[in-house]
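Okay, so here's the structure we're looking at.
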Amino acid sequence: MRKIKLKRLALLNFGALALVLTTVSCKCDKNTNHSATATSSTTSKSDSLSSEQLLVKETIVGKLDSAGNFIYDTGEISAITLPNNIKLEGVGNNSTESKLFNFLSDSSISVDETDKTKGWITLDRVYFNTGSATLTNESSKQVKNIAEILKAFPNAIVKVGGYTDNTGSEEINNKVSAERAKKVEDELVKLGISTSQVSSEGYGPQHPVCPSNDTPECKAKNRRVDIRVTKK
């Protein structure tokens, strides 16, 4: 009888020990799972940050000329063949023409309807005489190229934006920027672009690409005309 009681007691102790070990094991598993989840969450956040860091604003490369214009480095010279078989010769692979053509021809890229400050492309070879809306002679080639691209994509609608640096009164800057944007619009219309395909607006010193506005080079970058596709 004594032996049977001892056996029962041993079995009870063994069962209790097993229960304790199972509980400890479960806690360890939970801790392990929690740690794995935390690691996964951290990795996911890190990946997200990496993606955001890739969206760095494009660096503007170039230099000032003797007239105070910013001369852009448009990259290696190449040619673009448009859908209507018109070929644009002597354009850089990082030029306005290349950027506009690539945007319009790539069906995977859509127009950003939520933020209209995005998607602007600077006309990197369009310049004006100081304080006026008169285009310099060398600007005509790029305006013609833009017109050819728009003809090849007749469904596209674009807006031209004019900008200045912060020198002088905002009222005058708004006026000059509007006149310059309108000048480019008018030239595109003269070259055969429909008035329903292009519009323009002046923004004066708003939306500077070089916010400090503190050096001749910085100010030259801000004195520009941009173009934005509003419909593909």
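The values are calculated or read from the model by the stated rules, or taken from the named source; none is laboratory data. Worth saying up front: this structure is predicted, and the values here are computed from it rather than measured. Virtual Cβ from ideal backbone geometry, glycine too; neighbours counted across all protein chains shown. The area values use the complete protein model at the heavy-atom level, side chains included, leaving out ligands, DNA and RNA. Shrake-Rupley method; radii C 1.70, N 1.55, O 1.52, S 1.80 Å.
Annotation: per residue accessible area for region 105-232 equals 50 Å², rounded to a whole number [probe 1.4 Å, protein chains only].
How high is the FRET efficiency from GLU89 to LYS232, r the C-beta distance, R0 25 Å, rounded to 0.05? Working shown, then result.
Numbers: r = 25 Å, r/R0 = 1.00.
Approximately 0.50, to the nearest 0.05.
With a ≥ b ≥ c taken as the square roots of the eigenvalues of the C-alpha gyration tensor of region 89-232, please select rounded if a/c is under 1.5 and otherwise prolate if a/b is larger than b/c or oblate if it is not? Cα axes put region 89-232 in the prolate bin.
Note on region 72-116: with neighbouring protein chains present and a 1.4 Å probe, carbon and sulfur make up 45 percent of its accessible heavy-atom surface. The candidates LYS99, LYS87, LYS151, arranged from most to least accessible area with a 1.4 Å probe in the full protein assembly, appear as LYS87, LYS151, LYS99. Only lysine pairs 8 or more places apart, or on different chains, with alpha-carbon atoms under 18 angstrom apart are counted in region 80-169, and they number 15.
Using a probe radius of 1.4 angstrom, the carbon and sulfur fraction of the accessible surface of region 124-231 is 50%.
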